[in-house]
Amino acid sequence: MKKIIFIIIAILAITAVVVISKGKTMNKGNLMDNSNTYTVIAPNGMEIPFDKKTNLSVSPLDYGSETIGVKEHSQMLLEARSILDSSPYKNYKPLYYNPKPNSLGQTDYLSFKPWLDISYKPSSNKLSPWTKSEKAYYESLKDKRDRYIYLVKRSNLKCTMIDIPEDAIGRVDSNGKLTKPEYAEIYDEVDRNKNTLKSRLFSGEWRICAGILGDRRSFSSATVLNNSGFKTRARQAVFLAAQLGEVDALKVLARYFSSSSYISGSNKDLQTKIKFENLSKNPPLDEYGMMPYLDEIVGSYFVMDFNRDGVAFDPEGTTHKFLRELVEDEGKLLDPRDLDANETTREEFMSYLKAEMPHFTTRFDKKGFPNKMTDRDIDLYIDSTLLEAKIMSLTPPEGYPNAPYYNTPEELTRLYEAGKLDKKLNPLTPVMYRDSFPEDLRQKILSYAKEHNIKD
């Protein structure tokens with residue numbers, strides 16, 4: 001394993017502690033001081049001291065005489081920071097609920113309460129809803145590719161491996177053939193790499209790119225990302241595949257709530273498993289062979305993901321593997337999303353993690369690499385770290401529409417009462433009104449609604 005990550009701040013990510021700090025870490029970048037050093041924020045949020053003259057890490061920690069590759073390790077951190085600082089969401093500004101009464105004695109509690117209420121449930125068809133105007137605009141699209149493009153853009157999944165122009169979206173037909181020769185170079189590179197053996201992380205990301213080009217099956221097979229810590233990204237990819245009409249994706253989603261539950265960031269729920277299985281036997285395909293409103297049928301399910309706020313706390317999913325043993329195999333803890341969970345069990349879950357898992361994090365604060373790593377190992381480590389940074393840079397602050405982040409109601413309450421809960425991250429906000437929703441689509445929707453007198 002490249003990394004073992006159980007840092008306590010990652011644990012807090014379960015409950016939305018990271019929810020409140022959007023824009024802070026992402027914009028923090030390099031913090032200069034008045035000495036001979038400056039600070040670089042590593043992908044997992046650690047602050048690493050760098051020498052101003054050499055641009056090398058001067059952390060006092062290393063692997064002793066076995067240390068190698070200090071320059072390469074330092075350059076990796078600088079490149080990762082640069083990637084994170086180039087995020088299209090770097091200027092995101094949170095908008096906090098105000099728990100203090102105004103001059104009229106009013107607070108934001110009434111607007112916060114629906115979010116609090118929904119956090120007691122493992123799923124809901126009210127999460128990230130379609131508005132009447134958005135539906136009307138979508139249904140005005142009478143070309144299958146136009147609908148494909150819309151659903152891809154709506155998902156906010158972006159290719160991390162190569163730049164894909166908007167005109168190239170959906171240019172692969174149902175037979176896997178490119179329909180516009182101008183994009184042959186992009187198509188060939190993606191097709192050549194989507195089954196890469198470099199790692200499952202790389203394979204999953206190339207498959208998302210293939211899905212964007214038009215191969216909906218590749219979105220479904222991007223489930224390999226569940227072997228990493230990017231659970232919400234994997235979930236959105238498979239859900240999108242189902243929306244686009246890939247019926248087998250429903251079977252994948254069924255497994256998420258049975259044999260592959262915790263590894264996918266889910267909680268085991270056999271009733272949900274059966275629901276998806278039954279749906280796959282009689283899928284509600286529209287005249288275009290799609291299921292765009294699948295979320296209104298099955299709901300969206302909260303996902304436990306520790307990679308949020310532009311920070312890769314747990315890119316390898318180690319936390320989930322550990323929790324699977326405690327929750328599913330040994331029964332020592334009850335998942336806070338379980339129907340039998342209550343305040344006591346949820347707080348026990350959180351307290352256990354905060355108390356027992358604070359000391360294990362990626363040691364970015366150690367200069368260089370241990371000499372037991374081969375050149376190949378180091379190259380993969382560096383490439384993986386940079387890809388993880390790229391994924392985080394392209395992950396919307398609000399997450400993905402059909403893979404909402406999970407937060408316990410108790411932590412939401414504590415954040416609200418502290419005035420540190422970002423109302424922009426409320427999962428009940430309609431997709432088209434989120435900051436990360438493509439502005440060109442929003443304007444087209446609003447224009448269409450005005451023209452046809454459609455009111456939400």
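The numbers here are math on the coordinates, done by the rules we state, and not lab data. Fair warning: this is a prediction, and the values are worked out from it, not measured in the lab. Every residue, glycine among them, receives a Cβ derived from its backbone with ideal geometry; neighbour counts consider all protein chains shown.
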Each residue of segment 149-166 in turn: what ³J(HN,Hα) in whole Hz from Karplus with 6.51, -1.76, 1.60 and θ = phi - 60°, glycine and Pro shown as x?
4, 4, 5, 5, 5, 4, 5, 6, 7, 10, 6, 8, 9, 7, 6, 10, x, 4
Using each residue's phi in segment 330-347, evaluate 6.51 cos²θ - 1.76 cosθ + 1.60 at θ = phi - 60° and report the 3J(HN,Hα) Karplus result to the nearest Hz, with x for Gly and Pro.
9, x, 7, 10, 10, 4, x, 8, 4, 4, 8, 5, 9, 4, 4, 5, 5, 5
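Starting from segment 133-186, pick out the trypsin sites (Lys or Arg not before Pro) whose DSSP state is loop and whose Cβ has at most 14 other Cβ atoms within 10 Å.
Details: sites: LYS135, LYS142, LYS144, ARG145, ARG147, LYS153, ARG154, LYS158, ARG171, LYS177; in loops: LYS142, LYS158, ARG171, LYS177.
Passing sites in segment 133-186 are LYS142, LYS177.
Taking R0 as 22 Å, what's the FRET efficiency between GLU343 and GLN106 from their Cβ-Cβ distance, rounded to 0.05?
On the way: r = 27 Å, r/R0 = 1.24.
It comes out at approximately 0.20.
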Can you tell which of THR385, SER447, ASN402 lies farthest toward the positive end of the dipole of the chain, using +1 and -1 charges on the Cβ of basic and acidic side chains (Lys, Arg; Asp, Glu)?
SER447
1/(1 + (r/R0)^6) with r = Cβ-Cβ of ASP329 and TYR120, R0 = 25 Å, i.e. FRET efficiency to nearest 0.05, evaluates to 0.45
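Hey, how much of the P(r) for segment 127-301 falls beyond 20 Å, as a percent of Cα pairs? Let's see the in-between values first.
On the way: 7808 of 15225 pairs.
Result for the distance tail: 51 percent.
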With x for Gly and Pro, the residue-by-residue ³J(HN,Hα) of segment 57-62, computed from phi through the Karplus equation 6.51 cos²θ - 1.76 cosθ + 1.60 at θ = phi - 60° and given in whole Hz, is 4, 10, 4, x, 9, 7
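Given R₀ = 45 Å, FRET efficiency for ASP456-LEU380 by Cβ-Cβ distance, to 0.05? Can you show the working numbers first?
Numbers: r = 48 Å, r/R0 = 1.07.
Step by step, r from the Cβ atoms, then E = 0.40.
Using only Cα atoms, what Kirkwood radius does the chain have, in angstroms?
23.0 Å
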Whole-Å distance linking the alpha carbon centroid of segment 358-404 with that of segment 142-167 is 26 Å
Any idea which of PHE349, LEU421, ASN195 is furthest toward the positive side of the dipole for the chain, if Lys and Arg beta-carbons carry +1 and Asp and Glu beta-carbons -1?
LEU421
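Charges at C-beta only: +1 for Lys and Arg, -1 for Asp and Glu. How large is the resulting dipole of segment 127-301 about its Cα centre, in Debye rounded to 20? Could you put the intermediate results ahead of the total?
Values: 28 positive and 23 negative charges, 130 e Å.
For segment 127-301, the charge dipole is close to 620 debye.
If the viscosity is 1.306 mPa s and the temperature 10 °C, what Stokes-Einstein diffusion coefficient in µm²/s follows for segment 245-313 when Rh is the Kirkwood radius over Cα pairs?
On the way: Rh = 13.1 Å.
Translational diffusion coefficient: 121 µm²/s.
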Hey, what did segment 127-301 get for relative contact order, percent, Cα under 8 Å, at least 6 apart?
17 percent
Amide H neighbours of ILE68 under 5 Å, at least 5 residues apart or on other chains, H built in the peptide plane: list them.
PHE369, ASN371
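Would you mind calculating the relative contact order of the chain from Cα pairs under 8 angstrom and at least 6 residues apart, reporting the percent as a whole number? Numbers along the way, then the final one.
Details: 803 pairs, mean separation 143.1, N = 456.
With pairs under 8 Å counted, the relative contact order is 31 percent.
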Roughly what would the spin-label model give for GLN443 and LYS132, points 7 Å off Cα along C-beta, in nm?
2.6 nm
So between SER86 and TYR293, what do we pick up on full extension, going 0.36 nm a residue minus the alpha carbon distance?
71.2 nm
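With only Lys, Arg, Asp and Glu charged, each at its Cβ (+1 for the first two, -1 for the last two), find how big the charge dipole of the chain is about the Cα centre; round to the nearest 20 debye. Present the calculation step by step, with values, prior to reporting the outcome.
On the way: 65 positive and 64 negative charges, 104 e Å.
Dipole about the Cα centre, nearest 20: 500 debye.
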Calculate, in nm to one decimal, what ASP146 and LYS372 gain on full extension: separation in residues at 0.36 nm each, minus their alpha carbon distance.
76.2 nm
